[in-house]
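Only one structure is covered here, and it is reproduced in the block below.
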Amino acid sequence: MNHNSVPRWARTGAMAAALLGVLLQPASAMHIAEGQLPPTWCILWGLVSVPFVVVGFFSIKKRVDLAPRAKILLAMCGAFAFVLSALKIPSITGSCSHPTGVGLGAVLFGPTATAVLGLIVLIFQALLLGHGGLTTLGANVFSMAVAGPLVSWAVYQLLKKAKVSPTVGVFCAAALGDLFTYVVTSVQMGVVHGGIAKFLTVFALTQIPLSIAEGLLTVVVFNVLVKYSENELHELAVL
Amino acid sequence: MGTDRYAYCSPLRRMDPLGKGFVSLLASVVCLCCGMAAVGLFTMLLMGGLTILWGGQKLRTFGHFMKIPLAFLAIGSLTMVVQAYPPESALLVGIPVGDMLWGVDRAGLWEGASMFCRALGVVASMYFLALTTPVVDLTQGLRRLHVPALMVELMELIYRFIFTLTDGADRIRVAQKSRLGYGSARRSIDDVGVLASMVFLRAWRQGDRVYAALESRGYTGALTTLARDYESGKPCFWAAAGVCAAQLGIFALERWLL
């Protein structure tokens, strides 16, 4: 193949167009779709997620046994996570994305409850909206309901202990949790199909603007909540 | 919302959800395990045919939902197909970047196409369940499968609250837009933030009110509902056997031809 026949400007243009196309990924791109993982990996990611969901389930059960009101409030929080993921936020690249709610969920409800609520929300997203899938549920639960929220929660707690302002803490927690979700998705795809670095470039690196947008959104939400519902935040042990 | 409003109109709605789940699951598992392009495409056609002819959905509805996961499938397949090769490799398409040649060779393209077709088959299998079974019937099915009651109740409550909150969020968005909201990127982030926080506040306070209403009606911690009487799921098991046999037949044929 004679590559010299293709002018340099055409090659540069093609690369730029390809990169732009990748940057304009729609929101459902964060979920691994049905059929993208072989059966063994589907089972493996499912098994990896099970302990987190079980721990989350028992933590919720304990809360509900102590105060039955918690069940209704947690259900409301789960529904809120679903509605949040349907909102549109503008990205720096000019495209629109949907918030993952990873950071906000982890900061508000803690990583254990988020694992269970995330599982339920992901089932509904797969069945009702066609985002993600039932065979890849284990992998998606691990990236979006376990790994991302854990990072968000750890970052938030760490910065809270370091006496950093809550606004900065919430921004870092949401942005890093979001980014880490994409990193895990890239690793999940890369391990199976080869080329983790390639998947990281496409799925994680290009999502930095979206993560920043989600971080900013989470800060706005958090500030409004602090202003109008401090009692609820104290009840959730956020502040 | 989404597939649910079509599922409520399906003639299969009254059929045992576990039977429909079995058809979907078996078709997905066989399609995934075979991992071949022809089996994937055939599964998509077969399950699409079942959803349209048996499940009473329009071709347009099925096509609309099939388009949704295409974005991730296309990006995933492309990322998998495009690889770095040493210079002077025999590629179908390629451009030099640095010392390497980035492009697509025949084996990579075939592998990517196989994954894409397999994914389409599994997606179509899942839609058979989603477009014929409303979520409330699925949760009843989960109860019969002995999924913990707390989990099923949480699912039922979340499902119910999704509609209430979505309705509230839609109304807030209309109010914001009518007051010149969402004008710029910065303004949009602010407006979405206010919208999300207001939805959260309403959710929290509404949760309190729902709990008070439940308690005043004798709530003791369990939301017991009566299960609906379903039509027998026997036809589903026959359908599952037929689909599975056809998939395995195509698998054998593809292996024999290639």
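The values are calculated or read from the model by the stated rules, or taken from the named source; none is laboratory data. Just so it is clear, the structure is predicted and the values come from calculations on it, not from any experiment. No Cβ is skipped: glycine too gets one built from the backbone with ideal geometry, and neighbour counts run over all protein chains shown. For accessibility, only protein heavy atoms count, side chains too; no ligands or nucleic acids. Shrake-Rupley method; radii C 1.70, N 1.55, O 1.52, S 1.80 Å.
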Within region A:127-137, considering residues that are closer than 22 Å to residue A:51 by Cβ and surrounded by fewer than 24 Cβ atoms within 10 Å (Cβ to Cβ), the one farthest from the other protein chains (Cβ to nearest Cβ): A:137
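If you go through region B:150-163 one residue at a time, how many are over 16 Å from residue B:228 (Cβ atoms) and either more than 10 Å from every other protein chain (Cβ to nearest Cβ) or among the acidic types (Asp, Glu) (or both)? Walk me through it before giving the result.
Step one: of region B:150-163, the residues over 16 Å from residue B:228 (Cβ atoms) are B:150-151, B:153-155, B:157-158, B:160-163.
Next, from what is left, pick out any that are either more than 10 Å from every other protein chain (Cβ to nearest Cβ) or among the acidic types (Asp, Glu) (or both): B:153.
Looking only at that region, the number is 1.
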When residues of region B:19-68 are limited to those that are assigned to a loop (DSSP other than H, G, I, E, B) and at the interface with another protein chain (Cβ under 10 Å from one of its Cβ atoms), the one most open to solvent (accessible area, probe 1.4 Å): B:68
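Check region B:113-123 and report whether any residue there is farther than 30 Å from residue B:247 by Cβ, of a type in the set (Phe, Trp, Tyr), assigned to a helix (DSSP H, G or I) and at pLDDT below 90.
Looking through region B:113-123, none of the residues is farther than 30 Å from residue B:247 by Cβ, of a type in the set (Phe, Trp, Tyr), assigned to a helix (DSSP H, G or I) and at pLDDT below 90.
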Test for residue A:157: is it closer than 27 Å to residue A:74 by Cα and either open to solvent by 10 Å² or more (accessible area, probe 1.4 Å) or part of a helix (DSSP H, G or I) (or both): yes
Residue within region B:218-227 that is over 30 Å from residue B:25 (Cα atoms), open to solvent by less than 40 Å² (accessible area, probe 1.4 Å), of a type outside the set (Lys, Arg) and not assigned by TED's automatic domain parsing to the domain that holds residue B:41 present: yes
Qualifying residue in region B:166-180 (condition: assigned to a helix (DSSP H, G or I) and in contact (Cβ under 8 Å) with a residue 60 or more places away in the chain): yes
Among (1) under 30 Å from residue B:50 (Cβ atoms); (2) more than 10 Å from chain A (Cβ to nearest Cβ) - the single one residue B:171 does not satisfy: (1)
Scan of region B:1-18 for residues that are open to solvent by 10 Å² or more (accessible area, probe 1.4 Å) and either touching a Cys at 6+ places or on another chain (Cβ under 6 Å) or of a type in the set (D, E, K, R) (or both), ordered by number: B:5, B:13, B:14, B:16
Residue A:151 vs. criteria open to solvent by 30 Å² or more (accessible area, probe 1.4 Å) and part of a helix (DSSP H, G or I): yes
Number of the exception - residue A:121 against (1) in contact with a Ser or Thr (Cβ under 6 Å, 6 or more places away or on another chain); (2) at pLDDT 85 or above: (1)
Residue among A:24, A:19 that is at pLDDT below 90 and exposed (fewer than 14 other Cβ atoms within 10 Å of the Cβ): A:19
In region A:225-238, residue most open to solvent (accessible area, probe 1.4 Å) [restricted to those that are in a helix (DSSP H, G or I) and at the interface with chain B (Cβ under 7 Å from one of its Cβ atoms)]: A:228
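Right, residue B:84: under 30 Å from residue A:71 (Cβ atoms) and either without any contact (Cβ under 8 Å) to a residue 40 or more places away in the chain or touching a helix residue (DSSP H, G or I) at 6+ places or on another chain (Cβ under 9 Å) (or both) or not? Break it down into steps so the answer makes sense when it comes.
Details: under 30 Å from residue A:71 (Cβ atoms): no; either without any contact (Cβ under 8 Å) to a residue 40 or more places away in the chain or touching a helix residue (DSSP H, G or I) at 6+ places or on another chain (Cβ under 9 Å) (or both): yes.
It is false that residue B:84 is under 30 Å from residue A:71 (Cβ atoms) and either without any contact (Cβ under 8 Å) to a residue 40 or more places away in the chain or touching a helix residue (DSSP H, G or I) at 6+ places or on another chain (Cβ under 9 Å) (or both).
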Residue B:186 vs. criteria under 21 Å from residue A:218 (Cα atoms), of a type in the set (Lys, Arg) and either more than 7 Å from chain A (Cβ to nearest Cβ) or surrounded by 23 or more Cβ atoms within 10 Å (Cβ to Cβ) (or both): yes
Positions within region A:198-224 being open to solvent by less than 30 Å² (accessible area, probe 1.4 Å), at pLDDT below 80 and of a type in the set (S, T, N, Q), in sequence order: A:206, A:207
Positions within region B:69-98 being at the interface with chain A (Cβ under 7 Å from one of its Cβ atoms) and small (Gly, Ala, Ser), in sequence order: B:71, B:76, B:94
Filter pass, residue B:252 being within 30 Å of residue B:36 (Cβ to Cβ), touching a Phe, Trp or Tyr at 6+ places or on another chain (Cβ under 9 Å) and either at the interface with another protein chain (Cβ under 7 Å from one of its Cβ atoms) or of a type in the set (A, V, I, L, M) (or both): no
Residues satisfying the stated conditions in region B:140-158, i.e. closer than 21 Å to residue B:206 by Cβ and open to solvent by less than 40 Å² (accessible area, probe 1.4 Å): B:150, B:153, B:154, B:155, B:157, B:158
